[in-house]
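Worksheet: the structure to be examined is printed underneath.
The values are calculated or read from the model by the stated rules, or taken from the named source; none is laboratory data. Please read these numbers as outputs of a predicted model, since none were measured by experiment. With ideal geometry, Cβ positions are generated from the backbone for all residues, glycine too; neighbour counts draw on all protein chains shown.
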Amino acid sequence: MSMAAVEPDHASARLDAIIVGAGIAGMYQLYRLRQLGLSVRVFETGTSVGGTWYWNRYPGARVDTETMFYSYQFSEALQQEWDWPERYPAQADLAAYARHVADRFELWPDIQFETRVDAARWDDAAGLWTVETDDGTQVTARFCIMATGCLSAVNYPEIDGLEDFAGETYHTAHWPADSVDFAGKRVAVIGTGSSGVQSIPVIAEAAAHVTVYQRTANYVMPAHNRPMAADEVAEIKVNYPALRAKAKQSFSGNYFPVAGPSALAVSEEERNREYEKRWAMGGLAIMATYADFQTSEAANETASDFIRNKIRTIVKDPDVAELLAPKQLFLCKRLCVGTNYYETYNRDNVTLVDISETGIDRITPEGVCVAGHTEPVDVLVLATGFDAVTGALKRIDIRGVDGLALREKWADGPRTYLGLGIAGFPNLFTITGPGSPSVLTNMIPSIEQHVEWIADCVRHMRDAGLDRIEAERDAETDWVTHVNDIGDETLRATCQSWYFGSNIPGKPRVILPYAGGFPAYTEKCDEVAAAGYRGFALR
Ligand code: FAD
Ligand code: NAP
């Protein structure tokens, strides 16, 4: 294996590793593999780093995980020197952070922007991946690492007439770099997931009128965003290692206090006091209040009802409040965090249209037609989300041993070992791939755990003189069964959500992330590595 010998020369067609994607995952993977002396090139469709935080420039876009903890922890110097302005900083701050990381660790020379990877083909005889980009260039490497993102494959909905709309159309996840002027305009927003929840209040402040098309109502916690206080920042920075370690021991990789094992083990008064506390705290912390939210419907309903009642107290029109009150269980779909979300429906210039039964008939050149009525609009905002977790991988024509197509292998749902490796696809790693905790956790710690596991594995192979690693079929089957069993047991299985692929017509209904929690998952990964990468065939 020529790892240490190959210079990172962009003119050369042969590298040790190719990384696809320059978001949080691809950037850190580049850093770690370069530290091992590998020649690496990253391919990225966008024009800069940051991934999610490069593309999602819609009004109101911000993180909903406390950013002091939604940030890299691999470099103590980095986490000490960087100052976050707010509890939940905006997209531009996250994008600036990503650029700072690229500056600080000199990542830029090894990232090729405005380059989409269209295909990746494994040559078993040569033990190499050949990657083809959208300009037809082919590059080969021993390893191929997909850092393509869980929420990066944009979902343009299949609505008749969408192409014929005569006004401006924007997707939240593909927002133009220049700000959009809504002044005096009639706007339609389709979608009320996290992106809709964040953008609707901000658009409503600028536009003449906003019509929101809601297929499913979501639970929205108030963000209570605020500037970070200097003493709070200092306190966290002094205690960073301990706080980060504590977060890693929690189910979602966030440090949220747990009030107790069961919502049903305490009185209604005590429970509601606890929920009120978390409503006042804001953000996602309510998720962790009681440990049985995913196992007991009755326990879950107590939190569902608490939020439904909050909606009824905030929204003045009782009919609108009922439409906004979610029918599915709390945490079945991704919990949203917003600022003035429910309050926005009290504005005179905002109308909510329920499309849960009817869907949208069609988009006409003039506007949006539902149940035979066309609402004329000037701007159409699609907040319709992503082909999550598998979408970005399946959009690349990935071929493994004997030309096996990943799209074919995953026709009935993804199959991976630990969400890191795939039988039939040697030397291919997926960062936060399906079957890993990914989107059910604070994603930066999950990304770091994968990047470090992959880098350690590559180092192990180099030290042991090995150059081929492939997940074993039996290990993969056992893992897929475990992931599906756990997924089917949780109350997440009781509704339609992107966690199960339900938002994409024709996508198989299979749980995409591993729902067994971050600590159990990392323990399993560590055990596998300690046992000489048990379940992987190395040679
Ligand atoms: P991404 O950031 O998605 O980066 C993947 C990159 O790969 C993209 O730049 C893409 O252009 C590139 N790419 C994909 N396919 C190709 C190809 N074929 N060729 C070349 N390049 C390709 N997570 C949290 O934990 N907390 C949050 O608060 C949070 N907020 C979010 C807000 C929004 C609006 C969204 C969409 C997601 C949010 N997430 C959040 C999830 C977020 O995606 C992750 O936290 C994290 O940023 C993912 O990083 P990544 O590098 O794995 O993927
Ligand atoms: P999403 O959660 O999938 O929401 C998409 C919305 O569009 C849903 O309301 C969906 O309805 C609706 N929709 C989709 N197709 C439709 C169609 N054909 N007709 C009508 N409505 C349609 O997508 P998202 O809001 O972009 O969020 C995706 C994920 O990204 C989040 O869950 C979260 O993990 C992350 N995110 C986080 C933040 C944050 O606050 N930090 C912000 C944005 C995104 P149904 O529910 O009925 O399918």
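Things worth noting here:
- Considering the stretch 178-189, and only residues there that are modelled with pLDDT of 95 or more and surrounded by fewer than 24 Cβ atoms within 10 Å (Cβ to Cβ), the residue that is nearest to ligand 2 (Cβ to nearest atom) turns out to be VAL180.
- Residues satisfying the stated conditions in the stretch 191-218, i.e. more than 16 Å from ligand 1 (Cβ to nearest atom) and not polar (S, T, N, Q): ALA204, GLU205, ALA206, ALA207, ALA208, HIS209, VAL210, VAL212, TYR213, ARG215, ALA217
Results for (1) under 24 Å from the mean Cα position of the chain (by Cα); (2) not in a helix (DSSP H, G or I), shown as yes or no for each residue.
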{"position": "ARG273", "(1), (2)": "no, no"}
{"position": "ARG278", "(1), (2)": "yes, no"}
{"position": "MET287", "(1), (2)": "yes, no"}
{"position": "SER304", "(1), (2)": "yes, no"}
{"position": "ARG312", "(1), (2)": "no, no"}
{"position": "LYS316", "(1), (2)": "no, yes"}
{"position": "ALA321", "(1), (2)": "no, no"}
{"position": "PRO326", "(1), (2)": "yes, yes"}
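Residue by residue, here is whether (1) closer than 30 Å to GLN294 by Cα; (2) at pLDDT 95 or above; (3) in contact with a helix residue (DSSP H, G or I) (Cβ under 8 Å, 6 or more places away or on another chain); (4) hydroxyl-bearing (Ser, Thr, Tyr) holds:
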residue	(1), (2), (3), (4)
GLU472	no, yes, no, no
ASN484	yes, yes, no, no
SER497	yes, yes, no, yes
SER502	yes, yes, no, yes
PRO505	yes, yes, no, no
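- The set of residues in the stretch 154-183 that are charged (D, E, K, R) and touching a residue at least 40 places away in the same chain (Cβ under 8 Å) comprises GLU158, ASP160, ASP164, GLU168.
- The stretch 53-68: number of residues that are in contact (Cβ under 8 Å) with a residue 60 or more places away in the chain and either under 26 Å from LEU382 (Cβ atoms) or within 13 Å of ligand 2 (Cβ to nearest atom) (or both): 11
- Residues of the stretch 387-415 that turn out to be closer than 11 Å to PHE425 by Cβ, hydrophobic (A, V, I, L, M, F, W, C) and either modelled with pLDDT under 95 or not in a loop (DSSP other than H, G, I, E, B) (or both), as a count: 5
- Checked against (1) of a type outside the set (A, V, I, L, M, F, W, C); (2) buried (at least 23 other Cβ atoms within 10 Å of the Cβ); (3) within 16 Å of ligand 1 (Cβ to nearest atom), PRO426 meets all criteria but (3).
- Pairs with Cβ under 6 Å, 6+ apart, first in the stretch 19-31 and of a type in the set (Lys, Arg) and buried (at least 24 other Cβ atoms within 10 Å of the Cβ), second modelled with pLDDT under 95 and not in a helix (DSSP H, G or I): none
- Qualifying residue in the stretch 330-343 (condition: more than 13 Å from ligand 2 (Cβ to nearest atom), of a type in the set (A, V, I, L, M, F, W, C), buried (at least 21 other Cβ atoms within 10 Å of the Cβ) and closer than 22 Å to HIS224 by Cβ): yes
- The stretch 486-510 residues that are touching a residue at least 12 places away in the same chain (Cβ under 8 Å), paired with ones that are assigned to a loop (DSSP other than H, G, I, E, B) and of a type in the set (Phe, Trp, Tyr) (beta carbon under 9 Å, 6 or more apart): ILE486/TYR514; GLY487/TYR514; LEU491/PHE293; LEU491/PHE330; PRO508/TRP410
- Of all residues making up the stretch 320-338, the number that are touching an Asp or Glu at 6+ places or on another chain (Cβ under 8 Å) and over 18 Å from SER194 (Cβ atoms): 1
- Filtered by the rule that a residue be hydrophobic (A, V, I, L, M, F, W, C), outside any loop (DSSP other than H, G, I, E, B) and either within 13 Å of ligand 1 (Cβ to nearest atom) or surrounded by fewer than 20 Cβ atoms within 10 Å (Cβ to Cβ) (or both), the stretch 91-127 gives ALA92, LEU94, ALA95, ALA96, ALA98, VAL101, ALA102, TRP108, ILE111, VAL117, ALA119, ALA120.
- Set TYR156, TYR97: member being closer than 23 Å to GLY50 by Cβ, within 16 Å of ligand 2 (Cβ to nearest atom), touching a His at 6+ places or on another chain (Cβ under 7 Å) and modelled with pLDDT of 95 or more: TYR156
- Subset of the stretch 444-473 (residues that are among the acidic types (Asp, Glu) and either in contact (Cβ under 8 Å) with a residue 40 or more places away in the chain or in contact with a strand residue (DSSP E or B) (Cβ under 6 Å, 6 or more places away or on another chain) (or both)): GLU448, GLU452, ASP456, ASP467, GLU470, GLU472
- Residues (away from ligand 1 (no atom under 11 Å from the Cβ), part of a strand (DSSP E or B), crowded, with 16+ Cβ neighbours inside 10 Å and within 26 Å of the chain's Cα centre (by Cα)) located in the stretch 154-170: TYR170
- Matching entry among ALA371, ALA411, ALA388, ALA383 (being within 25 Å of the chain's Cα centre (by Cα) and more than 16 Å from ligand 1 (Cβ to nearest atom)): ALA411
- Residues (touching a Phe, Trp or Tyr at 6+ places or on another chain (Cβ under 7 Å) and near ligand 1 (Cβ under 6 Å from one of its atoms)) located in the stretch 38-77: GLU44, GLY46, ASN56, VAL63, ASP64
- Checking each residue in the stretch 133-153 for being of a type in the set (Val, Ile, Thr), within 14 Å of ligand 1 (Cβ to nearest atom) and over 30 Å from TYR213 (Cβ atoms) picks out THR133, THR137, VAL139, ILE145.
- Scanning the stretch 176-189 for residues that are in contact with a strand residue (DSSP E or B) (Cβ under 9 Å, 6 or more places away or on another chain) and in a loop (DSSP other than H, G, I, E, B) turns up PRO176, VAL180, PHE182, GLY184, LYS185.
- Scanning the stretch 190-232 for residues being assigned to a strand (DSSP E or B) and either more than 11 Å from ligand 2 (Cβ to nearest atom) or under 18 Å from GLY282 (Cα atoms) (or both) gives a total of 8.
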